[in-house]
Amino acid sequence: TNPGFVVRITQAGLDYAHQHGIAILEKELARLKLPDISGDFRFLGKVYYWISNLDLRTFHLPHSRISLVPNVGLQVSISNAFAELNGNWRVKYGLIRSSGSFNLKVENIYIRIDLRLGSDSSGKPTVDTSSCSTRISKVRVHFSGKLSLLYNLFRKAVESRLRKALEGKVCDEVAKAVRNELQPYARTLPVTARIDAVTGIDYALVAPPTATAHSLDVGLKGEFFSLATRSTVPFPPLPLHLPPDHDRMVYFGASSYFFNTAGFAYHSAGALVFEISDSTIPRGADFHLNTSTFSAFIPQLETKYPNLPMKFRLSTPSAPFLSIGPGGLSLQPVVDVQAYVILPDTSLAPLFLLSLTTNVSAVVDVRSGRITGSLTVGRIKLSLKQSDVGTFQVRTLQSIMNIVASKILLPRLNARLGQGFPLPLPDRIQLSNILVRFHQNFLLLGADVQFQPR
């Protein structure tokens, strides 16, 4: 299926992640444990030697890079790495017994790691080591002790065996680091995010991440849903093709499908219903929500319901549909305004039903890893759909409806939009240097990232 939301990690973003990953791998390799070594050789008789208590002091990875392998995944290449370890040696030659310590320097270590990227049944990303190879070209052992003639005889054997032991252990440690560090961290990417008491967002991967020559693209479902009952969205996501921008570390493509499923989810949950009474009229407004005020426009109200409070119920007959283009984000919602009179026994009697239409534009921003927004209402148009109090001139209510829409309804909506909706970010990631651009049918957000260590 087409994604409703796309995350693109550029080479700059991969390089930044690679810096932190290499630092972790360096620490893991520094804890690498090597087995004891023993053997024998003939020199005017049999000589037995033992190498034990191997202690890896340092393991440095000074030169490394991460590369995109199109349609495959990622490759990490490490060159000119070096390590140093200490240990003890012991030798037996007939009645001669001797022991001491040694220092081993390992230089020109080359490591190549291929990472396979995927997704599991829940839509979470997966990462695994598909292959790993290690090559060591230089090993130097320095023994300390008095029997230099003997231990120089088994120096080459020790160097060869330690080289092979290290080459085998390094890839084991790499696989362990990927399994214990990288994979759990990748799974901190939220595939569902609760928004409020009404809705959530589905950020499950719709396919494994795709490596291209310049970026790593991750297609997400990008769909809002009602927490009460999840209904099938009655419109499909369109293909989403991000532009070839690479100035930021990461880009987010939020399609019109993503935003329109929000309207569908809130509408399905019955959350796009607002009730307005006289107590919600802002201070400073020169009217009250009662029949005395409205009798100036609808004279029959004073006769039928003299001096009684009123209530408006605003609702959307269908989910609002939003459009995104190079000029920005806009929608033309249709709102039904049902007016009631509140009778002395607190029951409601219907008065009239208006249809309110207007042009709405939106400003979008990103704050604290959340998409935020605010709406601006254009000119309002009114039409009468039904009346229980006879005919009247709808245009006379224009000024009051302007106040209701701009001073009451809009602040409520903007307060909610100001709280924002979370972007799909793994743990401890903060965004900076934000870029916001509008394209046909999608919103493009660009950012640099900062990782916050524990």
Close lysine pairs (the range 10-188; alpha-carbon distance under 12 Å; 8 or more apart or on separate chains) counted at 5
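To the nearest µm²/s, what D does Stokes-Einstein give for the range 192-451 at 37 °C and 0.692 mPa s, using the Kirkwood radius over alpha carbon pairs as Rh? Intermediate results must be reported in sequence, preceding the final value.
Working: Rh = 20.7 Å.
Translational diffusion coefficient: 159 µm²/s.
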Find the all-direction average of the projected area of the Cα convex hull for the range 10-188, expressing the result in square nanometres with one decimal place.
11.7
Ignoring ligands, DNA and RNA, what accessible area per residue does the chain give at 1.4 Å, in Å²?
49
Short version: what are the Cα gyration tensor semi-axes of the chain, square root of 5 times each eigenvalue, largest first, in whole Å?
74, 19, 16
Gap separating the Cα centres of the range 101-137 and the range 316-361, nearest whole Å:
58
In whole Å, what are the Cα extents of the range 191-272 along the three principal axes, biggest one first?
45, 22, 21
At each listed q (0.12, 0.14 Å⁻¹), what is the log10 of I(q)/I(0) that the Debye formula gives for the range 263-377 modelled as equal alpha-carbon point scatterers?
-0.59, -0.75
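The values are calculated or read from the model by the stated rules, or taken from the named source; none is laboratory data. Small disclaimer: the values here were computed from a predicted structure and weren't measured. With ligands, DNA and RNA removed, areas are computed over all heavy atoms of the protein, side chains included. Shrake-Rupley method; radii C 1.70, N 1.55, O 1.52, S 1.80 Å.
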